[in-house]
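Take a look at the structure below.
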Amino acid sequence: MLKSSSLVAAIGLIATGFATHTHAQESAWRYQLTPYVWMTGLSGDLRPLANSPTVSTSHSFSNVMDDLEGAFFMAGSARQDRWVLFGDITWASLSNESMLLPGVAVKGNLRQRSLTAAAGYQVVSTPTQYLDLLAGARAWRIEADVKVPALGVSASDTERWVDPLLAARLRSTWATNWSTLVHVDAGGFGIGSDSTWQAVATANYQINETFLLSTGFRHLAVDRDENGTRVDVSMSGPLLGATWMF
């Protein structure tokens, strides 16, 4: 009888210790940081001032590389139990030239920065499927310069605004070390821009408990027409990323 009581007590201590350890894991913050290369094409219309000409462009990634002056992309997340924080930074500077009229060139420069921040909750959690719903905002800064040397005309403007966002992120595990991520968000709603949205899909391979590699595709678009200025730009293309988990 004493031996049985000791066995029950031991099992109880083990169970209590396991529950405490599990609770500690759930209550601890977990972080991910992902620098990535986005091989994006660019298309859209830019009109920096009400009376300036509109520059239209449609470039593949290879064309964008010819015009690219610099770029930086970074995403990150933090989790505690089912709560999640998400952030993404994009920066790119490009220049291009198009024809307004035969023999009349329009030279344009575009510098784009965006910062996305969102918070949410994991509404679905199964051994293979995890769905997060989030709300947040995307802050934009777009600087545009347009010059028509033949006419002696030039114009420049800097647009800043913040768009509210709603987002969903679905993570799925398909095999050992293999998973996918689908992220979609939409916003603007006429508050900042008329509309902005993006869709990202990646396939991920986990090397170890600390690192994973990703490849996929991303599309990001924004449409804003305010006081005669117009920014209607979309960027899309494949991406490669490396994630550090800690």
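The values are calculated or read from the model by the stated rules, or taken from the named source; none is laboratory data. Fair warning: this is a prediction, and the values are worked out from it, not measured in the lab. Here Cβ is always computed from backbone atoms with ideal geometry, including for glycine, and neighbour counts include all displayed protein chains. These accessible areas exclude ligands, DNA and RNA; they are computed on the full protein's heavy atoms, side chains included. Shrake-Rupley method; radii C 1.70, N 1.55, O 1.52, S 1.80 Å.
Can you list which of the GluC sites (Glu not before Pro) found in the stretch 155-246 are DSSP loop residues with at most 10 other C-beta atoms within 10 Å? Those satisfying the criteria are GLU209.
Assuming 0.36 nm per residue, please report the length gained on full extension of the stretch GLU226 to TRP178 beyond their Cα-Cα distance.
Details: separation 48, 0.36 × 48 = 17.28 nm, distance 4.46 nm.
Taking GLU226 through TRP178 to full extension adds about 12.8 nm, to one decimal.
What order, most packed first, do the peptides 79-88, 175-184, 215-224 have when packing is the mean number of other Cβ atoms within 10 Å of each residue? Before the final figure, lay out each step's value.
Details: 79-88: 16.8, 175-184: 13.9, 215-224: 18.9.
Order by mean packing, descending: 215-224, 79-88, 175-184.
Multiplying the residue separation of LEU170 and GLN80 by 0.36 nm and subtracting their alpha-carbon distance yields 30.7 nm.
Computed over neighbours whose Cβ is under 9 Å from that of LEU115, the net charge equals +2, Lys and Arg +1, Asp and Glu -1.
Leaving out ligands, DNA and RNA, and with a 1.4 Å probe, what % of the accessible surface on the stretch 162-246 is carbon or sulfur? Mind dumping the intermediate values first?
On the way: 2750 of 4230 Å².
Answer for the stretch 162-246 is 65 percent, counting heavy atoms of protein chains only.
Note on ALA242 and ALA28: the model spin-label points, each 7 Å out from Cα along the C-beta direction, lie 2.4 nm apart.
FRET efficiency for the pair SER154 and ILE89, taken as 1/(1 + (r/R0)^6) with r the Cβ-Cβ distance and R0 = 45 Å, rounds to 0.90.
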